[in-house]
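Here is the structure we will look at, set down as structure tokens.
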Amino acid sequence: MDVVKSTQMLDKFLKFYDQAAQVPPHQRYQLWVEHYAFPYTPPGYHQDQLAKEMLEYAWDQYTHVYEKIQFFEVDSVALSEQVESIKQTLQCTEPVHLTVLFFVGTFETDPFIVKDDHRYTLCFPVELASSRTRLCQELTRVVHCSQSGLAPSHTRTLGQLIFQEGLSLHTTQELLQSDGVAERPSTWHKEKCSREPNRVMINILPHLHRTDYEALYSFTKGTGASGYEKEANYTGWLVVGHLLEQSSTLYELAKIHKDDVDSLVEKSLFSLLNQAYLTQAQE
């Protein structure tokens, strides 16, 4: 039986922000400790780094999303229904034990998943743009982790990250389309990495088995081996799209064992490159 709950730290953030806005900048950190002190450290962050970034370069942006934070509604029933829709799409039978924690980050803080035993906590920053799409992607990751045994967040191989990113993107697109939502999970024509798909895939191949945070970060938020951001995300979109075109289904892909993911991604990349049907952009 699924157990899907939600909680939030938005009230605590607003209490911190309202008071911190009235004091000199050097006093804001102490108020953060007293009233907010986000309880989890996002992957790749050091202790108190989130607070430092919030106060240094995200502070001036909060005024633009203040009302979004203030009036953000947490709907546990809607979350449960969304998880059920994802499970039906992926034909996942494993029970999902999930708490979604809504918080405020730095506008650069990604959602992340914390696992404790068989229970998951999805930490989701509400200031992000396209929140509905991003939330669907993250819920898909939780469902897939429950089904496949794949580790959440940044404790997996780059190949597993690529595969799960592609699965979540394509699942989200299918769900949004079935709901009649025009918003798309990815508009790759706007991303620089889509200019040279073959080069991106060739250069990512040697790194598929890496598990170090530096590699996982550089191929998502940083610049990867081809010098672009989101190379792993884009590669995942291409790989899973290719597998779907080869008559695989989303639910068949969701059932692939975690130990078989890296080899599947590698084979798919070689198949894509051998077909060479992706058109290179002309300079």
| query | Label points 7 Å out from Cα along the Cβ direction at E73 and D116: separation in nm? | reply | 2.9
| said: Ordering T235, T249, T155 by accessible area with a probe of 1.4 Å, largest first, what comes out? | reply: T155, T249, T235
| note | Excluding residues fewer than 8 positions from K5 in its own chain, the lysines with Cα under 24 Å of it are K15, K68, K87, K115
| Spin-label model distance (nm) - E94 vs H209, 7 Å beyond Cα toward Cβ | 2.4
| note | Note on the chain: contact order normalised by length, alpha-carbon pairs under 8 Å, 6 or more apart, percent, works out to 18
| remark: For the chain, longest principal axis from Cα atoms; helix 131-148 axis from its Cα atoms; angle between them, nearest 10 degrees, is 60
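With the radius of gyration and the Kirkwood radius both derived from the Cα set of region 158-281, what is their ratio Rg to Rh?
Values: Rg = 13.8 Å, Rh = 14.6 Å.
Ratio value, two decimals: 0.95.
At a 1.4 Å probe radius, which order do T223, T140 fall into by accessible area, largest first? Display every interim value, and only then the final one.
On the way: T223 85, T140 0 Å².
Largest to smallest exposure gives the sequence T223, T140.
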| task | Divide by every residue of the chain the summed helix terms, -39500 (n - 2.57) for each DSSP H run of at least 4, and state the resulting mean residue ellipticity at 222 nm, rounded to the nearest 500 deg cm²/dmol. | result | -14500 deg cm²/dmol
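Go ahead and run the numbers for FRET between V33 and Q61, Cβ-Cβ distance against an R0 of 30 Å, rounding to 0.05. Could you put the intermediate results ahead of the total?
Numbers: r = 21 Å, r/R0 = 0.71.
Plugging the Cβ-Cβ distance into 1/(1 + (r/R0)^6) gives 0.90.
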| message | Pairs on different chains or at least eight residues apart, Cα atoms closer than 15 Å: how many lysine pairs in region 158-281 fit? | response | 4
| message | Quick one: the Cα spread of the chain along its three principal axes, in angstroms, biggest first? | response | 61, 48, 36
| field | Bridge type composition, the chain - antiparallel percent by DSSP, nearest 5 | value | 30
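In region 1-73, which GluC sites (Glu not before Pro) are in a loop and have at most 14 other Cβ atoms within 10 Å, using DSSP for the loop call? Before the final figure, lay out the partial values.
Working: sites: E34, E53, E56, E67, E73; in loops: E73.
Hits after loop and neighbour filter: E73.
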| task | List the extent of the Cα atoms of region 3-148 along each of their three principal axes, largest first, rounded to whole Å. | result | 54, 29, 21
| Label zone at D48 (point 7 Å along Cα-to-Cβ), backbone N below 16 Å, region 1-39 | 26-39
| query | Rank V65, V96 by accessible area, highest first, at a 1.4 Å probe radius? | reply | V65, V96
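The values are calculated or read from the model by the stated rules, or taken from the named source; none is laboratory data. What you are looking at is a predicted structure, and each value in this text was computed from that prediction instead of being measured. Reconstructed Cβ throughout: ideal geometry from the backbone, glycine too, with neighbour counts over all protein chains shown. We work out accessible area using only protein heavy atoms, side chains counted, and drop any ligands, DNA or RNA first. Shrake-Rupley method; radii C 1.70, N 1.55, O 1.52, S 1.80 Å.
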